[in-house]
Amino acid sequence: MNCEKLNMFEHKELKNPNGTPLLAKRSGKTKIWKRQSERFQISCRYGNNQKIVISNENCYLWNGKE
């Protein structure tokens, strides 16, 4: 799946107080390294202005949502 087209991501483990998955919304474009093609970062926000970065190191915890 191409992460360039996804704008919403839901966490596989973390839940909101009401039991729904934690949702994060893209707040910037995907940053990709030229010399390390497997490395990427996606800036996201969730909740009340809390920020998180989805990267190749933690992407296994997130599902993309169209």
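Residues in segment 39-60: is at least one acidic (D, E), over 14 Å from N7 (Cα atoms) and within 13 Å of the chain's Cα centre (by Cα)? Don't jump to the end; show me each part of the working.
Our first condition is that a residue be acidic (D, E); within segment 39-60, this holds for 57.
Now narrow it down to the ones that are over 14 Å from N7 (Cα atoms): 57.
Filter again for within 13 Å of the chain's Cα centre (by Cα), leaving 57.
Checked against the condition, which is being acidic (D, E), over 14 Å from N7 (Cα atoms) and within 13 Å of the chain's Cα centre (by Cα), segment 39-60 yields at least one hit.
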Counting only residues in segment 42-63 that are buried (at least 17 other Cβ atoms within 10 Å of the Cβ) and without any contact (Cβ under 8 Å) to a residue 40 or more places away in the chain, the one farthest from K29 (Cα to Cα) is identified as Y46
Reported set for segment 48-57 where residues are touching a strand residue (DSSP E or B) at 6+ places or on another chain (Cβ under 9 Å) and under 16 Å from E13 (Cβ atoms) is I52, I54
Checked segment 1-41 for anything among the small types (G, A, S) and without any contact (Cβ under 8 Å) to a residue 24 or more places away in the chain; matches are G19, G28, S37
E13 fails exactly one of (1) at pLDDT below 90; (2) over 13 Å from the mean Cα position of the chain (by Cα); (3) outside any loop (DSSP other than H, G, I, E, B); (4) not aromatic (F, W, Y), namely (1)
Over segment 16-35, the set of residues closer than 14 Å to E4 by Cα, at pLDDT 90 or above, under 11 Å from the mean Cα position of the chain (by Cα) and surrounded by 12 or more Cβ atoms within 10 Å (Cβ to Cβ) is R26, S27
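Given the criterion of a type in the set (D, E), exposed (fewer than 11 other Cβ atoms within 10 Å of the Cβ) and touching a helix residue (DSSP H, G or I) at 6+ places or on another chain (Cβ under 7 Å), identify the matching residue among E66, E38, E13.
On the way: E66 fails: touching a helix residue (DSSP H, G or I) at 6+ places or on another chain (Cβ under 7 Å); E38 fails: touching a helix residue (DSSP H, G or I) at 6+ places or on another chain (Cβ under 7 Å).
Only one candidate qualifies: E13.
The values are calculated or read from the model by the stated rules, or taken from the named source; none is laboratory data. This is a predicted model, so every value here is computed, not measured. Note that each Cβ is placed from the backbone with ideal geometry, even for glycine, and that neighbours are counted across all protein chains shown.
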